[in-house]
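J.: Input: one structure, supplied below.
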Amino acid sequence: MTEGTEVPAPREPRQVAVPGPLGEAHLADTSVWSKVRAQPALADWFNAEVRAGRIVTCGVVVLELLRSARNTVSFRTQAEMLDVLDCCPDGAHQVARAREVQALLAEQGRHRGIPPADLLIAAAAEAAKVPVLHYDHDYDLIAEVSGQVVRWILPPGSLP
């Protein structure tokens, strides 16, 4: 090869920062679960938070996670693991609250971009008085009108 035509060395994989301990229970949105699956260091942190009892779930998140099961055995295994987590309420009161928040977003013309599942997850977290842990801009919009606490797992744009 002539000088200047060398193939550049492959880049090292980007190191992902790891958050500190949560300090209190958080309802982990599906976006968090998908990000931690792809990042070993983040998965270690997340698993430690689960063991410490600081990760909770709700019915909608469980349904979304189980949807990815490849077969019956995988479905049952995942369901058993998820069943050990504390579950936030997501009944009729939370559906009503999700509709209230959706109406508040509609007043600003911002309701169409927020999936109903995110509204229900936020309502479940609000009812349980825990923050939503997420990696999804939708929760910032929900928090603007609901006043509830939401937390990015890491800053937006920092994860692939």
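J.: In segment 48-63, which residues are in contact with a helix residue (DSSP H, G or I) (Cβ under 8 Å, 6 or more places away or on another chain), in a helix (DSSP H, G or I) and either without any contact (Cβ under 8 Å) to a residue 24 or more places away in the chain or buried (at least 18 other Cβ atoms within 10 Å of the Cβ) (or both)?
T.: Scanning segment 48-63 gives VAL60, VAL61, VAL62.
J.: Exactly one of (1) at pLDDT 95 or above; (2) of a type outside the set (S, T, N, Q); (3) surrounded by 18 or more Cβ atoms within 10 Å (Cβ to Cβ) is unmet by ARG76. Its number?
T.: Result: ARG76 fails condition (3) only.
J.: List the residue pairs whose Cβ atoms are under 7 Å apart, where the first residue sits in segment 97-108 and is farther than 18 Å from LYS129 by Cα, the second is modelled with pLDDT of 95 or more and in a helix (DSSP H, G or I), and the two are 6 or more positions apart or on different chains.
T.: Close Cβ pairs satisfying both conditions: GLN102/LEU119; LEU104/VAL145; LEU105/LEU141; LEU105/VAL145.
J.: Within segment 125-155, restricting attention to residues that are part of a loop (DSSP other than H, G, I, E, B) and closer than 15 Å to LEU42 by Cβ, which residue is farthest from the chain's Cα centre (by Cα)?
T.: Taking the candidates together, the pick is PRO155.
J.: Mind checking which pairs have a first residue in segment 133-146 that is under 17 Å from LEU159 (Cα atoms) and surrounded by fewer than 24 Cβ atoms within 10 Å (Cβ to Cβ) and a second that is of a type in the set (Phe, Trp, Tyr) and at pLDDT 95 or above, Cβ under 9 Å, 6 or more apart or different chains?
T.: TYR135/TRP152; ASP136/TRP152
J.: Quick check on segment 11-28. Is at least one of its residues assigned to a helix (DSSP H, G or I) and at pLDDT 95 or above?
T.: So far as segment 11-28 goes, no, none of its residues is assigned to a helix (DSSP H, G or I) and at pLDDT 95 or above.
J.: May I ask you to verify whether SER34 is under 27 Å from ILE114 (Cα atoms), surrounded by 12 or more Cβ atoms within 10 Å (Cβ to Cβ) and polar (S, T, N, Q)?
T.: yes
J.: On to the next question. Just name the residue that is surrounded by the fewest Cβ atoms within 10 Å (Cβ to Cβ) out of those in segment 96-119 that are outside any helix (DSSP H, G or I) and modelled with pLDDT of 95 or more.
T.: Only one residue fits best here, namely PRO115.
J.: Quick one: how many residues across segment 79-95 are assigned to a helix (DSSP H, G or I) and surrounded by 13 or more Cβ atoms within 10 Å (Cβ to Cβ)?
T.: So the count comes out to 4.
The values are calculated or read from the model by the stated rules, or taken from the named source; none is laboratory data. All values derive from a computational prediction rather than experimental measurement. Note that we place each Cβ from the backbone using ideal geometry, even for glycine, and neighbour counts take in every protein chain shown.
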